[in-house]
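Engineer: Encoded as structure tokens, here's the structure I'll be asking about.
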Amino acid sequence: MSSVGPLSAKFISVHSINLPYLAVEVLGRFMWKNRLTLLLVGSLAFGLCSRTLHGQQADSLAKVFSEIQSSQIEVIDLTHPLDDQSPYWPEGSGPSPFHAKVVSTFEKGGYFARDLDFPEHFGTHMDAPAHFDPKGKTIDQIPVTEFLRAAIVIDVSEAAKSNVDYRVTAQDLKNWEKRNGAIPPGCVVFFRTGWAQRWPSQKEYMNQDAQGRLHFPGLSLEAAHYLLDRSHPVAIGIDTASIDYGPSQDFEVHHLTMPAGLYHLENVANLDRLPARGAYVVALPMNLKGGSGSPTRVLALLPRKEIRNSNLEIRK
């Protein structure tokens, strides 16, 4: 800025006036003299923009809940009921590990309540990374934002019909991508084998042979590597008792994916009601301090149009 006196004294004639300089001079003096006004106007504008953005975000969230309430968004339960009839990992020939003891009734206590006793890895449940990684996160340490994600479903049920020990291959994943596009990073990848239809029969679901070996589909190590290298989902889920196939003795997919930070969802129900992509999953385990896993309520959110499309695909 110039320190010269009034503008009229600085310029002798119109021909000698430096117009660009004059414009800068006038604007600069105006801004300096009115700096408080400009500051207030700027703050007001920023506040209005922030409130507008906040309002839009609030409106978007309200719209989601409104559409859930009006059934424009369908909420699909991907969780099996949990009781003493639920299939369980056989360790010996003991009875179900689920125990429920009534501790109060309406007649005696004026209310109903039970004490429950069951394993962390029971029913529809979540495996925390700490289940197979000594340095992995326990169930209470997984960021809660990872429990709400977009979901895709890779359907291998036809292959599993003819091979109870079927393992999902990398080619299965490539075929899915050819039809549906790249697997999105950070999503939950579900594998539908069709095994959920055997629930709740312990015999049919765990499919244990005379030598005590289990038989059900799972994920191959090759496919697990492909997922980690290409998209690195936050989780993988399946409608069988384990991400590793039944005969596995070393649980190699667990040992690969859990040190990579993934959690697993096992014994998932109703995957036949979801499309290949377009659903969102909400998976909420108990907040067990130091837990290696937890029974989990798993829900899928799906717009009505996606339900219609998926039903058409299933019928085809």
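Computed from the coordinates by the stated procedures, all read-outs in this text should not be read as laboratory data. As the structure is a prediction and not an experimental result, all values here were calculated from the model. Note that we place each Cβ from the backbone using ideal geometry, even for glycine, and neighbour counts take in every protein chain shown.
Engineer: Given 0.36 nm per residue, what is the gain on full extension from Glu177 to Glu204 after removing their alpha carbon distance, in nm? Kindly include the intermediate steps, with their values, before the conclusion.
Structural biologist: Values: separation 27, 0.36 × 27 = 9.72 nm, distance 3.19 nm.
Using 0.36 nm per residue and subtracting the Cα-Cα distance, I get 6.5 nm.
Engineer: In the structure shown, do any of Lys137/Lys178; Lys174/Lys305; Lys178/Lys305 have a Cα-Cα gap over 31 Å, and if so which? If you can, show how the numbers build up before the last one.
Structural biologist: Numbers: Lys137/Lys178 34 Å; Lys174/Lys305 26 Å; Lys178/Lys305 22 Å.
From the list (Lys137/Lys178; Lys174/Lys305; Lys178/Lys305), the Cα-Cα distance tops 31 Å for Lys137/Lys178.
Engineer: Now, a different point. Run down the aspartates and glutamates and flag those whose C-alpha is under 15 Å from the C-alpha of Lys203, throwing out any fewer than 8 positions away in its chain.
Structural biologist: Those aspartates and glutamates meeting the cut-off are Asp84, Glu91.
Engineer: Kirkwood Rh, segment 90-160, all Cα pairs: how many Å?
Structural biologist: Working: mean 1/r = 0.0600 Å⁻¹.
Final number for the Kirkwood radius of segment 90-160 is 16.7 Å.
Engineer: About its Cα centre, how strong a charge dipole does segment 192-263 have in debye, to the nearest 20, once Lys and Arg get +1 and Asp and Glu get -1 at the Cβ? The partial results should precede the final answer.
Structural biologist: Working: 5 positive and 8 negative charges, 47 e Å.
With only Lys, Arg, Asp and Glu charged at Cβ, the dipole is about 220 debye.
Engineer: Please sort by residue number the GluC sites (Glu not before Pro) in segment 125-178 whose DSSP state is loop and whose Cβ has at most 11 other Cβ atoms within 10 Å. List each step's numbers first, then the result.
Structural biologist: Working: sites: Glu146, Glu158, Glu177; in loops: none.
Passing both the DSSP loop test and the Cβ count: no residue.
Engineer: In whole Å, what are the Cα extents of segment 120-243 along the three principal axes, biggest one first?
Structural biologist: So the extents along the principal axes, rounded to whole Å, are 41, 37, 22.
Engineer: If the reach is capped at under 20 angstrom between alpha carbons, list the aspartates and glutamates near Lys63, excluding any in the same chain fewer than eight residues apart.
Structural biologist: Glu74, Glu306
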